Amino acid sequence: MGVEIKKVGVIGSGQMGSGIAHVCALAGFDVALSDLSLDKIETGIANITGNMERQVQKEQITEAEKDAALGRIIAAPDLDRLADFDLVIESATENEQVKRKILSQLCPILKPEAMLATNTSSISITRLAASTDRPERFIGIHFMNPVPIMDLVELVRGIATEDETFDAAKQFVKDINKTVAVAEDFPAFMVNRILLPMINEAIYTLYEGVGSVESIDIAMKLGANHPMGPLQLADFIGLDTCLSIMQVLYEGLADSKYRPCPLLVKYVEAGWLGRKTKRGFYDYRGETPVPTR
């Protein structure tokens with residue numbers, strides 16, 4: 001007998017977490033959004049509200065659908081609020097220690113039949129599952145950014161994930177109107193294993209002086225028909241996230257082709273993480289983004 005998913009908890013109210021809460025609430029699920037402080041959760045809910053208002057303006061949803069969805073979201077600064085939830089998705093920062101700590105704090109609170117998922121973009125599902133009391137009910141549900149716009153969800157089973165959990169997760173993804181791609185539990189799964197080395201290679205191309213920021217981005221936009229140039233995309237993802245995924249690939253597959261570009265490391269050390277800090281490969285502090293190199 002599978003769990004019927006009606007109530008979904010989301011841990012982490014940043015860009016990804018609030019996006020996941022957004023699509024779940026619109027699809028009719030009751031949602032609890034959790035984070036370290038009420039302030040962070042309120043910021044997340046404010047972002048969801050703004051994004052839904054844009055959907056109303058574009059006539060993608062109605063005002064009534066927006067109001068109903070927002071009415072389904074509650075703030076849960078305390079993890080105890082998730083005690084009777086059916087599925088909890090961890091969407092904290094891309095750091096294994098942080099994720100393991102959250103999962104171990106969460107397990108004693110959840111009902112025994114509750115499913116646990118992680119939105120990690122690169123970390124081993126099997127390893128994260130091992131820090132829980134229910135590895136057979138644990139799965140990777142990896143959303144793409146920005147969640148309300150992107151159709152794909154990568155589903156990743158750990159070595160212990162049971163069929164029942166996998167089937168329930170597949171149905172859940174269908175219920176939120178996304179498309180499933182099933183990936184095996186290898187470092188960075190599918191999308192990021194292909195995408196991040198491309199971005200890293202673009203950074204090497206800049207680092208070695210083959211092309212400027214603008215040349216590289218325009219080359220890939222017009223030469224490969226990419227909607228965004230790779231350096232522009234790196235800034236959008238966050239250079240810290242790009243670096244952590246490259247490190248997972250490099251350490252997990254022990255192949256020098258995944259070595260993070262020293263220039264990427266330097267930008268992260270400078271705190272130039274892309275759009276979220278107003279500087280990365282572009283400077284976002286003025287009217288239009290200006291390349292920083």
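This table checks each residue for (1) farther than 17 Å from Gly9 by Cα; (2) not acidic (Asp, Glu).
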residue: Asp78; (1), (2): no, no
residue: Val88; (1), (2): no, yes
residue: Glu94; (1), (2): yes, no
residue: Pro108; (1), (2): no, yes
residue: Ser121; (1), (2): yes, yes
residue: Ser124; (1), (2): yes, yes
residue: Leu128; (1), (2): yes, yes
### Task
Test Leu239 against the criterion of being touching a strand residue (DSSP E or B) at 6+ places or on another chain (Cβ under 7 Å) and assigned by TED's automatic domain parsing to the domain that holds Asn200, and give yes or no.
yes
### Query
Has region 79-93 got at least one residue that is assigned to a loop (DSSP other than H, G, I, E, B), in contact with a helix residue (DSSP H, G or I) (Cβ under 6 Å, 6 or more places away or on another chain) and not aliphatic (A, V, I, L, M)?
yes
### Task
Could you tell me which numbered condition Ser122 fails, if it satisfies all but one of (1) modelled with pLDDT of 95 or more; (2) more than 24 Å from Arg81 (Cβ to Cβ); (3) within 18 Å of the chain's Cα centre (by Cα)?
(1)
### Residue list for region 269-293, filter: crowded, with 19+ Cβ neighbours inside 10 Å and either part of a helix (DSSP H, G or I) or among the charged types (D, E, K, R) (or both)
Arg279
### Task
Sort out which residues of region 223-238 are part of a helix (DSSP H, G or I) and of a type outside the set (A, V, I, L, M, F, W, C), and write them in order of number.
Gly223, Pro230, Gln232, Asp235
### Message
Condition first: crowded, with 23+ Cβ neighbours inside 10 Å and aromatic (Phe, Trp, Tyr). Now tell me which residues in region 111-169 satisfy that.
### Response
Phe138, Phe143
### Query
Of the numbered conditions (1) in contact with a strand residue (DSSP E or B) (Cβ under 9 Å, 6 or more places away or on another chain); (2) closer than 25 Å to Ala188 by Cβ, Gln97 satisfies every one except a single condition; which is it?
(1)
### Message
Filter region 20-41 down to the residues that are out of contact with any strand residue (DSSP E or B) (no Cβ under 7 Å at 6 or more places or on another chain) and assigned to a helix (DSSP H, G or I) and list them by number.
### Response
His22, Val23, Leu26, Asp39, Lys40
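The values are calculated or read from the model by the stated rules, or taken from the named source; none is laboratory data. Because the structure is a prediction, the values reported are computed rather than measured. For neighbour counting, all protein chains shown are included, and Cβ atoms are generated from backbone atoms with ideal geometry for every residue, glycine included.
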